[in-house]
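**Student:** Okay, here's the structure, questions in a sec.
The values are calculated or read from the model by the stated rules, or taken from the named source; none is laboratory data. All of these numbers come straight from a predicted model, not from anything done at the bench. Every residue, glycine among them, receives a Cβ derived from its backbone with ideal geometry; neighbour counts consider all protein chains shown. The protein model used for the area step is the full one, side chains on, heavy atoms only, and it has no ligands, DNA or RNA in it. Shrake-Rupley method; radii C 1.70, N 1.55, O 1.52, S 1.80 Å.
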Amino acid sequence: MADDSASEPDWWRTAVIYQVYPRSFADSDGDGIGDLPGLISRLDYLAELGIDAIWVSPFYPSPLNDGGYDVADYRGVDPRLGTMDDIRTLVDQCHRRGIRILMDIVPNHSSSEHPWFVELLAAAPGSPAWDRYIVRPGRGPDASLAPNNWTSVFHGPAWSPLLHADGTSTGSWYLHLFDSTQPDFDWTHPEVLADFDATLRFWFDLGIDGFRIDVAHGLAKQEGLPDQATAASEDGLLAEQRTPYWDQDGVHEIYRRWRAIADSYDPPRVFCGEAWVESEERLANYLRPDELHTSFNFEYLKAGWDAERMREVVDRTIATHEAIGAPPTWVLSNHDVVRHRTRLAPGYQEGTPDEVRGLARARAATAFALALPGSAYLYQGEELGLPEVDLPDDVRQDPAWQRSGGTDGFRDGCRVPIPWTSTAPHHGFGPTDRSWLPQPAHWAGLAVAVQEADPDSTLQRYRELLRQRRAQPALQSTSMSWLPELQVAEQALGMRRVGLDGSVVDVVVNLGQQLLELPPSLGTTVIAASGEQLAILDADEGPRLVIGPETCAWLQGSGS
Ligand code: NOJ
C-alpha cells in the first residue's frame with residue numbers, strides 16, 4: 001500500500017482514475033491478447049501520465065463472450081491474462097508507484113460456465129440449484145412463451161428456455177438481461193449475497209483498493225417480474241412505471257451491506273457504481289453516505305459539444321451531489337461508448353466525422369472535465385487522441401452485434417489495442433503479429449513513442465493537465481462558480497475555482513469556431529491548455545487573452 005493511503009482516506013473524492021481494458025492494453029506473451037504482465041510492464045507510463053488510480057476491467061476466467069463481463073470464476077485470473085501471482089505483483093507495483101487499483105465486479109449475472117449455472121443445468125427441474133438464478137415457468141399451454149416481455153440489452157428476448165440434457169424442454173426459462181451466456185443471479189437468494197461478500201473480502205484481503213460495480217442498477221428486479229409497459233400497449237402506464245428490472249429500490253440494501261464490508265478495512269475500500277438511471281436525483285440515491293462512494297455520471301458524457309447542455313448538466317450534477325456530500329465524477333469515454341474524439345466530431349451523426357476538429361474538441365472537453373470539482377475517469381488511449389475504429393464485420397466480437405443482426409453492437413471499435421510504437425508488428429502492442437483486433441495503419445503516428453517526442457502531442461497535453469491539476473490547490477477544492485463574463489450564447493463557458501489557500505484558477509472553454517477574446521479581468525497567465533491556439537492581444541484597457549476555436553485554457557487567476 002502506498003505510504004500516503006492512511007493519511008488520504010478520501011483520495012477518491014478528487015482522484016483521476018484511468019480505465020485499463022486489459023485485453024487491449026499490452027500483450028506480453030504474443031498471443032494477441034493483452035495481459036497482466038503487459039500491464040505491469042507499462043506502469044511507469046501510467047505513473048508518468050500522472051493518474052491517481054487504475055480501474056482494470058475484468059480479467060477473471062471467462063469464455064469471453066462479452067469481453068470478460070461474463071465471469072466463470074470470481075476469485076481467479078483467466079490463464080490467458082495471467083496468474084494470481086501476476087495480480088499480486090500488479091497490486092504491489094501499483095502501490096509502490098502511489099497508484100491505487102480498482103477491480104471490476106460483475107454481480108448482476110455470471111457466465112453460463114460459472115459452476116453454479118453448470119450445476120443448475122445438470123440438476124433436476126425445481127431443485128435448489130435452480131434458485132440462485134432467475135428461473136420461471138414459461139407461458140402458454142406448452143410453456144413455449146417466455147415468462148414475460150422483457151428484452152435483452154443486447155437485443156432479442158431476455159429469456160432463454162432451460163433444456164434437459166437431451167434437448168427437450170423443461171418448461172422453464174432463465175433470465176439474462178444481456179447475452180444468453182450471461183444468466184442473471186437471483187439477489188434474493190442468501191447464497192448469492194454470501195458468495196459476493198466472500199468475493200469482496202477475497203480481493204480486499206489481497207490488497208486492492210476498491211471495485212467498479214458493473215450494472216449496479218440491475219441487481220434487484222421488481223417483485224413478480226411484471227411485463228414491461230410498452231408505448232404501443234400501455235401509454236399511460238409507461239410514464240409512471242420504472243423499468244421493472246432497472247434501478248429498483250432493492251439494490252440499495254445490497255450496497256449498504258457492501259459498504260459495511262468496505263468500511264471494515266483499513267484503509268477503507270471504495271466503490272464506484274456503473275448505474276444508468278433516469279436522472280441525477282435517482283443517481284444520488286446510490287451515493288448516500290452508507291452506500292457507494294461514487295458513481296459514473298453518464299449525463300455529462302451524453303451532453304455532447306453543447307455549451308448550454310454542459311452547463312445544465314454540471315449545475316444539476318453538482319447540486320445533487322452536494323446535497324448528499326458525495327463527489328461528482330466526470331467521464332467522456334469508456335469501453336462501451338464511441339471514443340469521444342469521434343463522438344464529438346462535427347459530422348459524426350452523418351457518418352463523416354471531422355477527425356481534426358474532433359481531436360480539438362475532445363482535448364478541450366477533457367481539459368474542461370479535468371478542471372471540474374470531483375473525480376474524473378480516463379479511458380485508455382484517450383490520452384493519445386485515439387479515434388473510434390470502423391472495423392470489418394468479420395472481426396467483431398461484441399455479442400450485441402450477433403444478436404442484433406449487425407445493426408448494433410459496435411463496441412469493439414473503441415477496444416482496439418493501444419499503439420505503443422510506430423513500428424510493426426501491431427505498433428508495439430505485443431511481440432508477435434497477433435492482435436485480437438487489428439489496428440489501423442495510420443495509428444503509427446499516434447503511438448506513445450511518437451507522442452512522447454512531440455511537445456504539442458495529445459499525450460503531453462494530458463500530462464500537463466494532470467500535473468497542474470495536482471499542483472493547483474484551487475483544482476482540489478470542492479466548489480466552482482461560473483464566470484459571468486462568459487456567455488453560453490457566445491459558445492463559451494468559464495468557471496472559477498478557488499483553493500482553501502485563496503489561490504484561483506479560471507477555466508475557459510471556447511466551444512465556437514470564432515476567436516474568443518477574454519476580458520482583461522481574467523488575466524493572461526495560461527497554466528495549461530488543450531491546444532496551442534492562444535494569443536495575447538494588447539488592448540487599451542490592458543492585455544487580453546484570445547482563445548482559439550474549440551480550445552480550453554486554464555488561467556492562473558488573481559481572485560475576485
Ligand atoms: C457494462 C459493461 O461495461 C459492458 O461492457 C458489459 O457488456 C455489460 N455491463 C454487461 O456486463
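**Student:** Are any residues in the stretch 56-67 open to solvent by less than 20 Å² (accessible area, probe 1.4 Å), touching an Asp or Glu at 6+ places or on another chain (Cβ under 7 Å) and in a loop (DSSP other than H, G, I, E, B), and if so, which ones? Talk me through it step by step, then tell me what you get.
**Tutor:** We begin by selecting, within the stretch 56-67, every residue open to solvent by less than 20 Å² (accessible area, probe 1.4 Å); these are 56-60, 62, 66-67.
So of that shortlist, the ones also touching an Asp or Glu at 6+ places or on another chain (Cβ under 7 Å) come out as 56-60, 62, 66.
SER57, PRO58, PHE59, TYR60, SER62, ASP66 - these are the residues of the stretch 56-67 that are open to solvent by less than 20 Å² (accessible area, probe 1.4 Å), touching an Asp or Glu at 6+ places or on another chain (Cβ under 7 Å) and in a loop (DSSP other than H, G, I, E, B).
**Student:** Tell me, which residue of the stretch 389-402 that is among the charged types (D, E, K, R) and in contact with an Asp or Glu (Cβ under 7 Å, 6 or more places away or on another chain) is surrounded by the fewest Cβ atoms within 10 Å (Cβ to Cβ)?
**Tutor:** ARG396
**Student:** Also: Which one of TYR348, TYR265 is more than 16 Å from the ligand (Cβ to nearest atom), closer than 23 Å to GLY385 by Cβ and of a type outside the set (A, V, I, L, M, F, W, C)?
**Tutor:** Answer to the selection: TYR348.
**Student:** Identify the residue in the stretch 101-115 that is under 17 Å from PRO22 (Cα atoms) and outside any loop (DSSP other than H, G, I, E, B) and, among all such residues, is nearest to the ligand (Cβ to nearest atom).
**Tutor:** If we take residues in the stretch 101-115 being under 17 Å from PRO22 (Cα atoms) and outside any loop (DSSP other than H, G, I, E, B), then ASP104 is nearest to the ligand (Cβ to nearest atom).
**Student:** Moving on. When you go through GLY76, GLY138, GLY98 one by one, which is the residue that is touching a residue at least 12 places away in the same chain (Cβ under 8 Å), closer than 30 Å to GLY50 by Cα, open to solvent by 10 Å² or more (accessible area, probe 1.4 Å) and away from the ligand (no atom under 16 Å from the Cβ)?
**Tutor:** Result: GLY98 is the single residue among GLY76, GLY138, GLY98 that is touching a residue at least 12 places away in the same chain (Cβ under 8 Å), closer than 30 Å to GLY50 by Cα, open to solvent by 10 Å² or more (accessible area, probe 1.4 Å) and away from the ligand (no atom under 16 Å from the Cβ).
**Student:** Just to check your reading of the model, which residue among THR478, THR524 is in a loop (DSSP other than H, G, I, E, B) and in contact (Cβ under 8 Å) with a residue 60 or more places away in the chain?
**Tutor:** Result of the check over THR478, THR524: THR478.
**Student:** Which condition from (1) part of a loop (DSSP other than H, G, I, E, B); (2) surrounded by 14 or more Cβ atoms within 10 Å (Cβ to Cβ) is the one that ARG341 breaks?
**Tutor:** Result: ARG341 fails condition (1) only.
**Student:** Name the residue, out of PRO455, PRO431, PRO417, that is open to solvent by less than 30 Å² (accessible area, probe 1.4 Å) and out of contact with any Pro (no Cβ under 7 Å at 6 or more places or on another chain). Steps first, please.
**Tutor:** Values: PRO455 fails: open to solvent by less than 30 Å² (accessible area, probe 1.4 Å); PRO431 fails: open to solvent by less than 30 Å² (accessible area, probe 1.4 Å).
When all the criteria are applied, what remains is PRO417.
**Student:** Consider ASN334 against the criteria (1) surrounded by fewer than 22 Cβ atoms within 10 Å (Cβ to Cβ); (2) assigned to a loop (DSSP other than H, G, I, E, B): it satisfies all of them except one. Which criterion is unmet?
**Tutor:** Every condition holds for ASN334 apart from (1).
**Student:** Next question. Within the stretch 141-175, restricting attention to residues that are part of a loop (DSSP other than H, G, I, E, B) and in contact with an Asp or Glu (Cβ under 6 Å, 6 or more places away or on another chain), which residue is surrounded by the most Cβ atoms within 10 Å (Cβ to Cβ)?
**Tutor:** Among them, the one singled out is PHE154.
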